[in-house]
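Nothing in this text is a laboratory measurement; each read-out follows from the coordinates by a stated rule. Model, not experiment: these values are computed from the prediction. Note that we place each Cβ from the backbone using ideal geometry, even for glycine, and neighbour counts take in every protein chain shown.
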Amino acid sequence: MNSRRTTGGETGRPGAQDCFNISQPAFGTVAQIAPGLLWTRLPLPMKVGHTNVYLLADADGWAIIDTGYGDARSIDTWRRLLDGPLMGQRITRVIVTHAHIDHIGAAGWLCRTLGAPLHMSQVEYLTCQIDLLDPGRYGRDEYQAFLRSHGVGSEAAVSIAGLLAAYGDGLTGLPETFVSLNAGDILELGDRRLKILLGPGHSPAQLMLHCPEEGWLISADQILGGIQPLLVLPPTEPDGNPYELFLRSMDELAGDVDPDALVLPGHYLPFFGLADRIALQREHHHSRCEIMVEACCEQPRSAAELTQSLFPGPLNHRQLNHAIGEVIPYANWLVTQRRMHWLDHNADGVRRLSCARR
Ligand SMILES: [Zn+2]
């Protein structure tokens with residue numbers, strides 16, 4: 001693998017101090033990470049700016065891992081790839097890590113255009129099918145009522161629901177059939193045998209691909225370098241506990257994957273040092289929970305008020321929605337840990353978190 005400088009240890013295995021030394025590919029170009037493992041990027045209209053896409057050599061072509069957003073700019077970038085560095089190459093299958101639009105958006109277009117089958121976890125496939133059947137569901141009154149019950153003002157709730165109602169614009173459909181990938185499956189791609197891992201927390205059953213022989217992990221958004229993956233509370237599960245599920249996924253990754261593995265994430269640069277990154281993520285989330293406990297031990301607070309404890313300063317409505325989506329998973333986890341409890345039935349209809357020590 002040419003993506004690392006080895007530390008000269010006896011085993012030649014990469015160490016945590018190794019650097020990933022391949023420049024990120026410009027849109028419409030690919031970079032080789034290892035023989036039979038390519039990296040490209042698709043542009044995104046969101047702040048993160050791009051989604052990483054990987055290509056793995058298959059028996060008589062290439063498998064695509066993730067598809068990017070489904071807008072015109074992303075499709076145009078795919079056309080440049082297919083007419084450029086991938087010209088004449090057969091695409092054998094499209095593998096999608098999870099149902100968020102920045103990863104699954106172009107899947108329908110790609111599968112139709114290339115005649116390639118879709119592979120993904122059943123939960124993520126069905127989640128996206130629901131989004132396609134009812135793309136405006138997050139914009140309806142129920143979600144606005146949920147936001148108001150957590151202290152978001154009526155005007156902001158209407159605005160957030162309006163933003164979410166446009167969610168389906170980034171999708172290009174899905175094939176009517178797919179190949180289901182399950183946790184523990186071994187996927188044979190060319191000469192490689194890849195282990196399938198599913199990790200909840202950011203998305204209900206996010207798929208990761210592990211190659212133990214070569215020491216790398218396609219981590220999707222479960223492990224990112226430099227930023228923390230968002231914990232996402234499914235709107236269908238307002239009392240869900242994605243943070244607990246995320247922590248269990250970290251335990252599983254720490255047990256299954258080489259701590260010095262090369263991590264190939266869904267955004268930003270690949271990096272070495274899985275164990276260090278897991279430790280940082282745990283510390284980050286733990287410190288956020290402690291900030292919330294401290295704030296609620298002063299006085300009971302709504303989720304909207306707690307966004308100011310975690311994200312001081314003005315938030316636009318999109319940022320407020322993301323912040324609420326981060327506060328509530330922590331809150332639900334702290335409740336299950338018996339460190340906090342919800343105060344319901346307040347006169348203003350707003351739920352507030354209270355420190356159990358009060
Ligand atoms: Zn993403």
Cα principal axis extents for the chain, largest first, Å: 66, 49, 34
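Scanning the chain for helices, which whole DSSP H stretches are 30 Å or more long along the axis (Cα) and average -1.0 or more by Kyte-Doolittle? Don't skip to the end; give the middle numbers.
Values: long enough: 274-298 (37 Å, -0.37).
Membrane-span-like by this criterion, though nothing is claimed about a membrane: 274-298.
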Fraction in percent of alpha-carbon pairs per bin - 5 Å, the range 239-279: 6, 21, 26, 23, 15, 6, 3, 0
For the range 125-181: span of alpha carbons on each principal axis (Å, largest first): 43, 20, 14
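Based on DSSP H runs of at least 4 residues, each adding -39500 (n - 2.57), what is the mean residue ellipticity at 222 nm of the chain after dividing by all its residues, to the nearest 500 deg cm²/dmol? Let's see the in-between values first.
Details: 10 runs with 124 residues, N = 358.
It lands at -11000 deg cm²/dmol.
So what is the diffusion coefficient of the range 156-265 in µm² per second by Stokes-Einstein at 4 °C and 1.567 mPa s, using a Kirkwood Rh over Cα pairs?
Numbers: Rh = 16.0 Å.
Once the numbers are plugged in, D ends up at 81 µm²/s.
Restricting to bridges with both residues inside the range 196-267, how much of the DSSP beta-bridge set is antiparallel, in percent to the nearest 5? The partial results should precede the final answer.
Details: 7 of 11 bridges.
Within the range 196-267, antiparallel bridges account for around 65 percent of the total.
How much of the DSSP bridge set in the range 77-203 is antiparallel, in percent, rounded to the nearest 5?
On the way: 4 of 8 bridges.
The antiparallel fraction comes to roughly 50 percent.
Of the beta bridges DSSP finds with both residues in the chain, what % are antiparallel, to the nearest 5? Each step should come with its number before you reach the end.
Working: 35 of 47 bridges.
Of the beta bridges lying entirely in the chain, close to 75 percent run antiparallel.
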Peptide ranges 89-95, 247-253 listed from the most packed, as the mean C-beta count within 10 angstrom indicates: 89-95, 247-253
Exposure proxy ranking, count of Cβ atoms within 10 Å, fewest first, for S219, S74: S74, S219
Residue with peak Gaussian network fluctuation, the chain [Cα springs, cutoff 10 Å], from D102, D348, D134: D348
Cα-based Rg of the range 52-205 normalised by 2.2 N^0.38 Å, two decimals: 1.18
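Pairwise over distinct Cα atoms, reciprocal of the mean inverse distance: report the Kirkwood radius of the range 218-351 in Å, one decimal place. Write down the numbers at each step before the final one.
Details: mean 1/r = 0.0622 Å⁻¹.
The answer is 16.1 Å.
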D141-D344 pseudo-label distance in nm [points 7 Å out on the Cα-to-Cβ vector]: 2.0 nm
Column: log10 I(q)/I(0), Debye, Cα scatterers of the range 32-80, q = 0.32 Å⁻¹: -1.17
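Go ahead and run the numbers for FRET between E176 and A279, Cβ-Cβ distance against an R0 of 35 Å, rounding to 0.05. Spell out each step's value before the answer.
Details: r = 43 Å, r/R0 = 1.23.
According to the calculation, E is roughly 0.20.
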